[in-house]
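Visitor: Below you'll find the structure I mean.
The values are calculated or read from the model by the stated rules, or taken from the named source; none is laboratory data. Treat the numbers as computed from the prediction; the structure is a model and nothing was measured. Here the Cβ positions follow ideal geometry from the backbone for every residue, glycine too, while neighbour counts run over all protein chains shown.
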């Protein structure tokens, strides 16, 4: 049993499209709100949190709706294709409204765009497990993440060249037209999804995959057995907790380095870049590790690694070479968690519920991203920035504890004959 890598890469193009959008959204929209429309930091942060709030409610709903969809294009492809087309059209409208400085129109269209993105995110992510045998889903998820990073990297590079500014007479920064970056990212999103749509026949590859559910994992009534349900609750709790730790750090990261080390945002961003590069480079080695240890143990090791790193950053007196090593380790630990956690969630569900459970996974991660900026921000306000990494340690340790109670969704290790096959793990 081997993963169809070419097919998985093509499916991953939809994820690349999505990550390209969110990378653009997270970096460009706040600039437009604050520098172009003059919104306050509080209003900007409030608007930027709306996507997470929508995701908590909409991702499980549209994941479940897509589970029951049957069309000539398949059950996931219609949402991905028409959702992308609608999102691209709305981005063009947003670009025009930005130039016209119509804040009300911009805000309304932005909300519509966020709803559209929530409609097809779960179907896009659920596509891979639909056509990938359960033992191969960790490898499939690694491939999907690798392809997805291409989208994020594309947007980052595009923003470097297309988001330009000049210094006005009063010394303030004045940004030039945002239309080029809107159009470029929108074109990338559309092209990648069109390639996926016209090169893959979803109904055909679903039939060929012939995914079967294990009798040990689901009951005949398509409801989870109690032990599996308990495992699901614990792993979703773990997802919430480790995202609370990690996003608590990333939310206040630049300001922490300014306050503690006197390093500006541009200087501190290199550490997160190192973490990202380390994560990308570690996917294959982590596949080898998970094939020997199983998904759960690999996740636990990732949590331990990140917890140690959080603690090390807290006690490190200054920046330097060791800081780069620590953040590289953070990237490895984070990759180990994410490559294996999503496959564990969908491993527990019936094949007809993959979209719904994909929505659950992302809803819990998004809930953490709503909770942690507020809670960590409150603690920082009262106790100062030194509380940030102890905060991360505590929630990371809690995620380790809850993860220990997960008894299902894992895989048996098996000896493999090639490097890529080290991703291929046997089912329970």
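Visitor: Which one of these is buried (at least 19 other Cβ atoms within 10 Å of the Cβ) and either assigned by TED's automatic domain parsing to the domain that holds residue 229 or more than 13 Å from residue 396 (Cβ to Cβ) (or both): 315, 325, 330?
Guide: Matching residue, one of 315, 325, 330: 330.
Visitor: Another one. Got at least one residue in the range 370-384 being modelled with pLDDT of 85 or more and either over 23 Å from residue 258 (Cβ atoms) or in contact with a strand residue (DSSP E or B) (Cβ under 7 Å, 6 or more places away or on another chain) (or both)?
Guide: yes
Visitor: Right, something else. What about residue 138, is it surrounded by 15 or more Cβ atoms within 10 Å (Cβ to Cβ), over 30 Å from residue 34 (Cβ atoms) and in contact with a helix residue (DSSP H, G or I) (Cβ under 9 Å, 6 or more places away or on another chain)?
Guide: Yes; evaluated as a whole, the condition is true for this residue.
Visitor: Please work out which one of (1) modelled with pLDDT under 90; (2) assigned to a helix (DSSP H, G or I); (3) closer than 28 Å to residue 339 by Cα is the condition residue 218 fails and give its number.
Guide: In the conditions (1) modelled with pLDDT under 90; (2) assigned to a helix (DSSP H, G or I); (3) closer than 28 Å to residue 339 by Cα, residue 218 misses (2) alone.
Visitor: Report whether or not residue 101 is in the same structural domain as residue 71 (by TED's automatic domain parsing) and either at positive phi or without any contact (Cβ under 8 Å) to a residue 24 or more places away in the chain (or both). Write out each step before concluding.
Guide: On the way: in the same structural domain as residue 71 (by TED's automatic domain parsing): yes; either at positive phi or without any contact (Cβ under 8 Å) to a residue 24 or more places away in the chain (or both): yes.
It is true that residue 101 is in the same structural domain as residue 71 (by TED's automatic domain parsing) and either at positive phi or without any contact (Cβ under 8 Å) to a residue 24 or more places away in the chain (or both).
Visitor: What about residue 335, is it modelled with pLDDT of 95 or more and assigned by TED's automatic domain parsing to the domain that holds residue 279?
Guide: no
Visitor: Can you name the condition, by its number, that residue 113 falls short on among (1) surrounded by fewer than 21 Cβ atoms within 10 Å (Cβ to Cβ); (2) without any contact (Cβ under 8 Å) to a residue 40 or more places away in the chain; (3) closer than 27 Å to residue 32 by Cα?
Guide: Residue 113 satisfies every listed condition except (1).
Conditions tested, residue by residue: (1) at pLDDT 90 or above; (2) under 30 Å from residue 57 (Cβ atoms); (3) in the same structural domain as residue 341 (by TED's automatic domain parsing); (4) out of contact with any strand residue (DSSP E or B) (no Cβ under 6 Å at 6 or more places or on another chain).
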site: 106; (1), (2), (3), (4): yes, yes, no, yes
site: 112; (1), (2), (3), (4): yes, yes, no, yes
site: 119; (1), (2), (3), (4): yes, yes, no, yes
site: 129; (1), (2), (3), (4): yes, yes, no, yes
site: 136; (1), (2), (3), (4): no, no, no, yes
site: 152; (1), (2), (3), (4): no, yes, no, yes
site: 156; (1), (2), (3), (4): no, yes, no, yes
site: 160; (1), (2), (3), (4): no, no, no, yes
site: 199; (1), (2), (3), (4): yes, no, no, yes
